[in-house]
1. Under the condition of being touching a residue at least 40 places away in the same chain (Cβ under 8 Å), more than 16 Å from Ala154 (Cα to Cα) and out of contact with any strand residue (DSSP E or B) (no Cβ under 8 Å at 6 or more places or on another chain), which residue from the range 89-116 is surrounded by the most Cβ atoms within 10 Å (Cβ to Cβ)?
2. Here are some residues: Phe260, Phe248. Which one is in contact (Cβ under 8 Å) with a residue 24 or more places away in the chain, surrounded by fewer than 22 Cβ atoms within 10 Å (Cβ to Cβ) and within 16 Å of the chain's Cα centre (by Cα)?
3. Suppose the filter is under 16 Å from Gly251 (Cβ atoms) and not charged (D, E, K, R); does Gly112 pass it?
4. Is it the case that Phe254 is buried (at least 18 other Cβ atoms within 10 Å of the Cβ), aromatic (Phe, Trp, Tyr) and within 20 Å of Leu133 (Cα to Cα)?
5. Which one of these is modelled with pLDDT of 95 or more, touching a Ser or Thr at 6+ places or on another chain (Cβ under 6 Å) and assigned by TED's automatic domain parsing to the domain that holds Leu62: Asp221, Asp235?
6. In the range 43-59, which residues are part of a strand (DSSP E or B) and closer than 16 Å to Lys124 by Cα?
Amino acid sequence: MYKSGSMMQRLSLALGWLLVSGLWQPVLAGDNESAAAVEASNKPLIGINCDVQGEKPRKIGLSHLYVEAVQKAGGIAVLLPPMAPADLNTVLPHLDGVLMIGGDDYPPALYGEKPHASVSIMDKTRSDFDMALVKAAIAQKDMPFLGICAGCQALNIGTGGSLIQDIPSHRPESKVMHASKDGWQKGFNSHIVDFAEGSKLSKILGHKAASEPTSHHQCVDKLGQGLKAAASTADGVVEAVEMPDRAFVLGVQFHPERAFERNQKLFEEFVQAARLRQSERLKGDAKKE
């Protein structure tokens, strides 16, 4: 899928990525916007994975709400399309945080199971890259991580956990509406999420429970290594996980970006943790010079 082009093509692609992400802005001498460029350079860089859909044409993208949430919280969103492992290893050290988005279902084979009839497996290119991304991010102990919906599931799978493949089939007695069929057209369902007492998530959001937008039919089953449940719903479904021994590693099954004002503190804490990593990263870079 990935082909090497000429040096000029590769340079053009690199400059394009920097321009889109906001990492580089050409500033002329005396330019009145130079101060703004300097201010932007102090914002932490948040890598966000992308969805992959279709064949002709094949499209890579994501909801604008993820990007806007990062920007409103003070970060720079850097989109991460599926890439070769060597390229990911080049990019990741320059990031200050990783956010993983929602999407279709990860292959159950990743956690040793056969797919349930309800499973809609995501594009293999994305699932392969997502697993590489979450494992590489967690391997860096100071890397802030926020997983949303499928991103929460990726965190759990990537640390050795498993999923309930279909909540309605597994818990037919449940009266909680977790899925939101045609949500973008008809509006997303919301349900009450209870935050675990003493959890990092409850401390960040500052309350014991909240009504949150929801759009999922799967959830965490066996917890991944180092993870603890941080929230649940009335039917016992895990709605968030976190790593207590890390500064900021969180996964939420609900969609905080769709209710930003209610969840603004979550994104601000995430970006603040990324800012601390950025400070240490820049100090390390300065010592190498």
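1. Among those residues, the one meeting the criterion is His116.
2. So the residue among Phe260, Phe248 that is in contact (Cβ under 8 Å) with a residue 24 or more places away in the chain, surrounded by fewer than 22 Cβ atoms within 10 Å (Cβ to Cβ) and within 16 Å of the chain's Cα centre (by Cα) is Phe260.
3. Details: under 16 Å from Gly251 (Cβ atoms): no; not charged (D, E, K, R): yes.
The answer is no for Gly112.
4. On the way: buried (at least 18 other Cβ atoms within 10 Å of the Cβ): yes; aromatic (Phe, Trp, Tyr): yes; within 20 Å of Leu133 (Cα to Cα): no.
No.
5. Details: Asp235 fails: modelled with pLDDT of 95 or more.
Just one listed residue meets the conditions, Asp221.
6. Just the residues of the range 43-59 that are part of a strand (DSSP E or B), to begin with: 45-49, 51-53, 59.
Asn49, Asp51, Val52, Gln53, Lys59 - these are the residues of the range 43-59 that are part of a strand (DSSP E or B) and closer than 16 Å to Lys124 by Cα.
The values are calculated or read from the model by the stated rules, or taken from the named source; none is laboratory data. The structure presented is a predicted model; accordingly, all values stated were derived computationally and were not measured. Here Cβ is always computed from backbone atoms with ideal geometry, including for glycine, and neighbour counts include all displayed protein chains.
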